[in-house]
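Reviewing the structure listed below.
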Amino acid sequence: EAQVTQNPRYLITVTGKKLTVTCSQNMNHEYMSWYRQDPGLGLRQIYYSMNVEVTDKGDVPEGYKVSRKEKRNFPLILESPSPNQTSLYFCASSSGTSGGSNEQFFGPGTRLTVL
Amino acid sequence: QKEVEQNSGPLSVPEGAIASLNCTYSDRGSQSFFWYRQYSGKSPELIMFIYSNGDKEDGRFTAQLNKASQYVSLLIRDSQPSDSATYLCAGNDMRFGAGTRLTVKP
């Protein structure tokens, strides 16, 4: 089954404790991205990756890191989480961005609470 | 900064009515637009995409794009309670609007 998986689905942590949210897709997609979703603000892009070893900042990258060592995986790293990073996080992948039907497939989401 | 804006609603329509969802964008270079539906607690899923001026119909859904006015809309005909969700529009740069929450009342 074609899918994007994220782990963990729920996480409660404390300020300053490093954490990683994993994301994996099995569709051989080149493009992957991370979003956070907060009430009234929609989906805001954190980082995206056009291919292996190619990553770039989205609209809200502060406090986050990513890596793309393999095509299928795109982990999101919070080196020192703070309460303002409490949010719902989505990973997504697509075959590309050059117009047309470049549908993004989303993972199930990770609800993060930073105390 | 390239932006996609939506009227955040919420929007409430009676069952069987037409729901109209709207989105404007600032980047004249945007070529494609996507409408996603997100049920509460779930991840977004694609409903339609459009890249040509005019209308595109798929069942009860019609997407409309007006590049001169930088305006894209989604019409849902014969709205059903199962259409109650948040609808998000996005450009091909993968930036999303804030979403419009739609409630269809039986």
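The values are calculated or read from the model by the stated rules, or taken from the named source; none is laboratory data. Everything numeric in this text was worked out from a predicted model, so none of it was measured. FYI the Cβ positions are ideal-geometry reconstructions off the backbone, even for glycines, and counts take in every protein chain you see.
Odds and ends about this structure:
- Every residue from segment A:54-91 that is at the interface with chain B (Cβ under 8 Å from one of its Cβ atoms) and either modelled with pLDDT of 95 or more or assigned to a strand (DSSP E or B) (or both): A:PHE90
- Check on B:SER30, assigned to a loop (DSSP other than H, G, I, E, B) and not acidic (Asp, Glu): yes
- If you go through segment B:27-56 and keep only what is charged (D, E, K, R), at the interface with chain A (Cβ under 10 Å from one of its Cβ atoms) and surrounded by 14 or more Cβ atoms within 10 Å (Cβ to Cβ), you end up with just B:GLU45.
- Selected residue (only one of A:ILE12, A:ILE46 is surrounded by fewer than 21 Cβ atoms within 10 Å (Cβ to Cβ), in contact (Cβ under 8 Å) with a residue 24 or more places away in the chain and in a strand (DSSP E or B)): A:ILE12
- If you go through segment B:49-98 and pick out every residue that is in a strand (DSSP E or B) and either on the phi > 0 side of the Ramachandran plot or more than 10 Å from the chain's Cα centre (by Cα) (or both), you end up with 12.
- Matching residues in segment B:52-77 - criterion: being free of Cβ contacts under 8 Å to residues at least 40 places away in the same chain and of a type in the set (A, V, I, L, M): B:ALA63, B:LEU65, B:ALA68
- Scanning segment A:26-43 for residues that are aliphatic (A, V, I, L, M) and either assigned to a strand (DSSP E or B) or more than 8 Å from chain B (Cβ to nearest Cβ) (or both), we see that the one that is nearest to the chain's Cα centre (by Cα) is A:MET32.
- Taking segment B:58-84 as the range and being aliphatic (A, V, I, L, M) and over 26 Å from A:TYR48 (Cα atoms) as the test, the residues that pass are B:ALA63, B:LEU65, B:ALA68, B:LEU74, B:LEU75, B:ILE76.
- Selection count where residues are outside any loop (DSSP other than H, G, I, E, B) and farther than 17 Å from B:VAL104 by Cβ, scope segment B:33-48: 6
- Considering the conditions (1) assigned to a loop (DSSP other than H, G, I, E, B); (2) away from chain B (no Cβ under 12 Å), A:THR113 is excluded by exactly one of them, (1).
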